[in-house]
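A quick write-up on the structure given underneath.
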Amino acid sequence: MAHAAAARHLGYDLTAVASRTPERAAKLAETFGSTAVTYADLPGQADIVVVATPPQCHAADAIRMLQAGAAVLLEKPLCRTLAEADQLVAAAARHGGRLLYAENLAYAPIVQRMVALTPRVGALTHLTVRTLQGLPTWGEFTSDEWGGGALFDLGVHPLAIALLVANAAGQGRPVAVAAQLRGGLGHGSDEHAEVSLRYASGLVSHVTASWQAGPESVWDAQVAGVSGVVRAELLPVQLLEFNGDEVALPAAGGPIPALDQLGYNEQLRALAADTAAGREPVMSAAFGREVLQVVLAAYQSAGRRGEEVALPFTGPRDLTPLELWRQGTKP
């Protein structure tokens, strides 16, 4: 719904909508003045296809759209396994890098300004990013087929922000990850995750992703160094501060301000511009794979009672996050 609303806000023609049932496709098509089709009909005449199917379908669906000549906006998480991620990276390369990994927060003005301010804090001493909210009441997020829970689905947002901020501070990529996961009632997935990312410099950043908070979502980040502090609140309201002083953010336009504030409009606009210019998006399939390997290492760590796991991840490339977690907890 967010991607379709962004397309309409940007003035793009929404040529077709497909869903798992004809009834849902018809409802969505009616909402956005489009045409209901089957998956087999896509991409039709579209230049861009948004793939927002369940994670277990992402690799096959995205690759098919690339092969048909469309650019692809692939919803997070990228896919369930590193083997699938490898296939996506290779397919994107074969088709001119025409795949954008939908980390919308990377295109959000507040995140972009936070990343830009990070070098001004000096050598990093502290980095935390949190996404706390309630358990989704729709979808199949806690099913085994989905592949993972709160960390896999929600946690990719704070992990991406942590990676972008640390890289802007000259930390490079993390060298190890440790994690603790907590499950929920009535299913075998995780609902709460605490993750620590260690860098070669000795910095340890902390990421929390939880479906055991709420009812109001709290998404925030704090970056501290020897010369200053940057603090960002993304939800429920947006606020950015540098050394205690508020930093101005651009006014959100359109009837749905969150589409601007959370990067959905700019993300789709960027993909259109990147495709027209023949360049690979900043949020590429390779970046999505990088986030996924951190996720997989974290699930393996949690299965080993929080034991640190080295990065890049060298574990099985054909297992999902849940399978890695359970593999480690077997007696």
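Values in this text are rule-based calculations from the coordinates and carry no lab data. What you see is a predicted model; the values in this text were computed from it and never measured. Quick reminder, even Gly has a Cβ in these numbers, built from the backbone with ideal geometry, and neighbours come from all protein chains shown.
So if I take the centroid of the Cα atoms in segment 254-331 and the same for segment 215-236, what is the distance between those two points in Å? Each part reduced to its Cα centre gives a spacing of 21 Å. When the scattering of segment 104-225 is computed by the Debye formula from its Cα atoms alone, each counted once and equally, what is log10 I(q)/I(0) at q = 0.10 Å⁻¹? Computed log10 I(q)/I(0) values: -0.32.
Would you mind ranking Thr128, Thr314 so that the residue whose beta carbon has the fewest other beta carbons within 10 Å leads the list? All intermediate terms of the calculation are to be shown ahead of the outcome.
Working: Thr128 15, Thr314 10.
Fewest to most other Cβ atoms nearby, the residues stand as Thr314, Thr128.
Using C-alpha pairs below 8 Å separated by at least 6 residues, the relative contact order for the chain is 22 percent.
Rounded to the nearest 20 debye, the dipole size of segment 1-147 about its Cα centre is 520 debye, using +1 on the Cβ of Lys and Arg and -1 on the Cβ of Asp and Glu. Note: segment 27-165, Cα convex hull, 159 Å³ per residue.
Can you tell me the dipole magnitude for the chain around its Cα centre, using point charges on the Cβ only (Lys, Arg +1; Asp, Glu -1), in Debye to the nearest 20?
Working: 24 positive and 32 negative charges, 114 e Å.
With only Lys, Arg, Asp and Glu charged at Cβ, the dipole is about 540 debye.
If you model segment 2-104 as an ellipsoid using its alpha carbon gyration tensor, with each semi-axis the square root of five times an eigenvalue, the axes come out at 23, 14, 13 Å, biggest first. Projecting the Cα atoms of Leu311, Thr208, Leu164 onto the dipole axis of the chain, where Lys and Arg carry +1 and Asp and Glu carry -1 at the beta carbon, places Leu311 farthest toward the positive end. Placing unit charges on each Cβ (+1 for Lys and Arg, -1 for Asp and Glu) gives segment 11-147 a dipole about its Cα centre, and among Pro119, Thr15, Thr81 the Cα reaching farthest toward its positive end belongs to Pro119. Counted over all Cα-Cα pairs of segment 203-331, pairs farther apart than 17 Å make up 74 percent.
Relative contact order of segment 2-104: 20 percent, from C-alpha pairs under 8 Å at least 6 residues apart in sequence. Shape class of segment 50-97 from the Cα gyration tensor (axes a ≥ b ≥ c, square roots of the eigenvalues): oblate, since a/c reaches 1.5 or more and a/b does not exceed b/c.
Which value results when the Cα radius of gyration for the chain is divided by 2.2 N^0.38 Å? Each step should come with its number before you reach the end.
Values: Rg = 19.4 Å, N = 331, 2.2 N^0.38 = 20.0 Å.
Here the answer is 0.97, to two decimals.
Loop-located chymotrypsin sites (Phe, Trp or Tyr not before Pro) across segment 78-179 with a Cβ neighbour count of 11 or fewer within 10 Å are Trp138, with loop assigned by DSSP.
Here's the picture: charge each Lys and Arg Cβ at +1 and each Asp and Glu Cβ at -1 in the chain, and of Leu240, His192, Gln293 the one pushed furthest to the positive end of that dipole is Gln293.
Just to be sure I understand: with springs between alpha-carbon atoms less than 10 Å apart, which residue in Asp318, Asp220, Asp61 has the highest mean-square fluctuation in the Gaussian network model of the chain? Comparing Asp318, Asp220, Asp61 in the GNM, the peak value goes to Asp318. With a cut-off of 13 Å between beta carbons, the residues surrounding Leu28 carry a summed charge of +2, where Lys and Arg count +1 and Asp and Glu -1.
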